[in-house]
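Please read through the structure below; I'll follow up with questions.
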Amino acid sequence: MTAVSASRLPVAGLIVLLVLAGCKGRSNSRARLTEEETPALATMLHVADPRAPAQLVSGFYDLEGNAWRWTKGHFSVILKTPPGSAQKGAVLQLRFTLPDAVISKLQKISLSASIAGTTLEPESYTRSGQFVYTRDVPANRLASDPVKVDFALDKALPPGPNDQRELGVVVSTVGFEAK
């Protein structure tokens, strides 16, 4: 080796080490960023939360009034199960409003939910207002985490001249409470 090439060797090695260290740092920060960007699933989901759309599987319309969402006649969510629910079960809650515009035309609607093939008891509504559909969920239906919850109305308001959407209920929160 010449004296010139021998003097470049430590500099080249230092550059390689700096580049590798820089890549390692970027890799770690990229991994952290990905973990931070991945929203944690909620057990109780507020539909106005900016992270909510990741858990609203189907049947929900865009956020309105920065607080609630209309649904279709069938709608589904993915929910994290509460700690211990695989042994004790949990309580499913859907907080919603049944607007006068819907109930005045339909007279009566029934809401039911199903989880992992088990249909929970339906409830019927004959007046407008705010309601909470609450049902116990057996532990054996909460063994996997997360779980998909499917809701169904026996009827919904069909699209009309003023609103081209099928309209069911107006949801604010949905989720599980631990027993």
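What follows is calculated from the coordinates using simple rules that are stated; it is not laboratory data. Not measured: the values here are computed from a predicted model. Cβ sites come from the backbone with ideal geometry, for glycine too, and all protein chains shown count toward neighbours.
First measure r as the distance between the Cβ atoms of Asp100 and Val57, then evaluate 1/(1 + (r/R0)^6) with R0 = 45 Å and state the FRET efficiency to the nearest 0.05.
Efficiency at R0 = 45 Å is approximately 0.95.
Can you give the Rg to Rh ratio of region 44-175, both from alpha-carbon atoms, with Rh computed by the Kirkwood formula?
Ratio of gyration radius to Kirkwood radius: 0.97.
Another question about this same structure. Just to verify a number: FRET efficiency for Ala40 and Ser110, C-beta to C-beta distance, R0 = 22 Å, to 0.05?
0.10
At 7 Å along Cα-to-Cβ for each site, give me the label-to-label distance between Lys148 and Asp163 in nm.
Computed distance between label sites Lys148 and Asp163 equals 2.7 nm.
List the lysines whose alpha-carbon lies under 23 Å from that of Lys72, not counting same-chain residues fewer than 8 positions away?
Within reach: Lys80, Lys105, Lys108, Lys148, Lys155.
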